[in-house]
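A.B. asks: Sharing a structure with you now.
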Amino acid sequence: MKGRCFSFVCLLVHAVMMEEFGVFVPGYPIAVTVGEDVVLECQLVPVTSLDHLEVRWFTSSPASPVHLYTGGQDRPDVQDKAYQGRTKLFQEEFHRGNASLKLKRTKLSDEGSYTCSIKSSTFHEQAVLRLQVEGFGLRPRIHLEENNKHGVRVVCKSDGWYPEPQIRWVDGSGQDVTALSDTRFTEGSRSLITVQSHIDVTSDSVNRFSCFIHSQSLREIREAHLQISDDFFHKVNEFNIWLVIFWVFAGLVFTAAAFDVMIHRKEDKMIKELQLFCALEGHNDVEIDYVSVTLDVETAHPWLEVSEDRKGVRWTWTQRDLPDTGKRFTVWPCALGSEGFTSGRHYWEVEVTGSRDWSLGVAAESVERKRKVELIPENGVWSIERAGDEFYVNTSPLSRLPAGPIPRRVGVYLSYGSGTVSFYNMDTKSHLHTFTGNEFTGKLYPFFRIWDFNKWLRIRSGSAPDL
C-alpha cells in the first residue's frame, strides 16, 4: 500500500511540474516564389521563452534538421547540408515564444512539409506546415511563324514556370479556342519549365488572338495579344510568303510594343489619378459612404486592446478577463467594426505604419469566431494580409500581391450590390486587389486582424480619399 501511494504522489508531482504547451503553425500552405526568402511561422502558446528549450525544424527526419537550436545555441554542425547558410531563427523574439524559421533563397527542392518541434525537459510538442515553391514565369512572347498549310502559325512562349502552368487561347470574338492549340512543356535551367503553345491560322480564321498563362497555385496570370492585319492573307497570295512574313512580323512587333506602351501609360494615369470608384462602377463619389468606422469591443479577441476612441487596436500578449456574448473571436486575434452593411458603397482607411503582421478587409456576420478556420472568402472573409516582408491576398492557397512598396495606409472599398471588395495603397495612389463575382447575403462588417506585439492599427476618420 505504501509503495502504491508513493507512486501516485510521484505521478501527481510530475504532472504538476510538467510544462505543457501548444505549438501552432499556419493551417494553410505557405507559397513562395523560387529564389525569394520565406518565413515559416511557428508560435508557442502559452507564451514561454524559448531560450532554454530545444527548437528543431525538420522535413522527413528529426535526425537531419533543417535548423536546430539547443543548449542555448544554434547547431549548424548537425544541420542538413541542403539548408546550410540559408536558415535563421528570430532569437530576439524568443521571449515571445516565436519559433518561426526564415528560409533564404528558396529552391524548388525546398517544397514539402516542415515540422516545428519544441521540447523542454518534461514536454514535447510539434506541428506541421506545408511550403509550396512556385515559379511565376516571364511575360509571354507572341509572334508569327510560317507553317506547312498555306497559312501562318501564332506562337506563344514563356519561361520560368513551376509547376506546369495552364494555357488558354481566346480569339477576337471572345471564344475559347484552346482545343485548337498544341502545347509543349520543357524543363530548363534550375528545373524551371518553359511553355510553348501555337495555333495554326488560315484565311478563314479571325484575326486577333490572346494567350493567357495561369499559375495554378499563385493564381497569377501572364498574357499576350496579337492582332493580324485584315489584308494579310490577300498579300500572302500576291507576294513571296517569306517577304510578307518578315515585314508583317516586324510591323506586328512594333505595333504590339506601341500598343503595350499606350495601354500601360493609360493604366499608370488611371492609377495616379486614383479614380477609385468611377473606374470600378461608373458612379459619382457622392454616392459613396465614407464611413467613420469604430471597433466593436465585444468582438475583439481577449489579447487585443481597443483604444478608448475605438479607432485603434493592438496585440498585447495580455489576456483580458472579458465577458463573451458570443460575438468575440477566441482563436484568431481579430475584431470587427461596430457598423455592418447590407447595401450601398462604403469606403474607409486604416493606418498600418509600423506593424508587420496584419489583415484588413470585410467579414460576414456569420464568420466563424470560436474555431480555427482559414480566413478566406469561402469562410466569409475578404482580406489582404502583410506577413513580415510579404504581402498576400487571403485566398486558398494564398496569392502573392505584385512586388511593390508595402503600404502604410490602406483604403478599403465595399460595393455590396456589385459584390466587390477593393483595396488601395493610399501612399502611392495605386490599386492593390479586388475581389469580384461575389453575391453577398447578410450583413458585412469591417474586419481587422493583428499579431504583432504592441503595434497599432488605426482607423482614419471618415472622409473622401486624399487624391
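A.B. asks: Please list, in order along the stretch 432-438, the HN-Hα scalar couplings obtained from phi with the Karplus expression 6.51 cos²θ - 1.76 cosθ + 1.60 (θ = phi - 60°), rounded to whole Hz, x for Gly and Pro.
C.D. replies: Taking θ as phi minus 60°, the curve returns 9, 6, 9, 7, 10, x, 8 Hz for the stretch 432-438.
A.B. asks: Which of the pairs 81/102; 119/455; 311/455 have their Cα atoms more than 21 Å apart in this structure?
C.D. replies: 119/455
A.B. asks: If you don't mind, another one. For the stretch 18-155, how big is Rg over Rh, using alpha carbon atoms and the Kirkwood form of Rh?
C.D. replies: 1.24
A.B. asks: Taking the Cα-to-Cβ direction at residue 316 and at residue 221 and moving 7 Å from each Cα, how far apart do the two end points lie in nm?
C.D. replies: 4.6
A.B. asks: Another question about this same structure. Over the stretch 311-441, what relative contact order in percent results from Cα pairs under 8 Å that are six or more residues apart?
C.D. replies: 22
A.B. asks: Please list, in chain and number order, the residues 5+ apart from residue 303 or on another chain whose amide H is under 5 Å from its amide H, with Hs placed from the backbone.
C.D. replies: Amide H neighbours of residue 303, under 5 Å, 5+ apart: 320.
A.B. asks: Taking the stretch 314-445 as the region of interest, what is the percent of Cα-Cα pairs per 5 angstrom bin, listed from the shortest bin to the one with the maximum distance?
C.D. replies: For the stretch 314-445, the binned pair fractions read 2, 9, 20, 23, 21, 16, 7, 2, 0 percent.
Rule-based calculations on the coordinates, nothing more; no lab input. None of these values were measured; they are calculated from a predicted model. Heads up, the Cβs are rebuilt from the backbone with ideal geometry, glycines too, and the neighbour counts pull from every protein chain shown.
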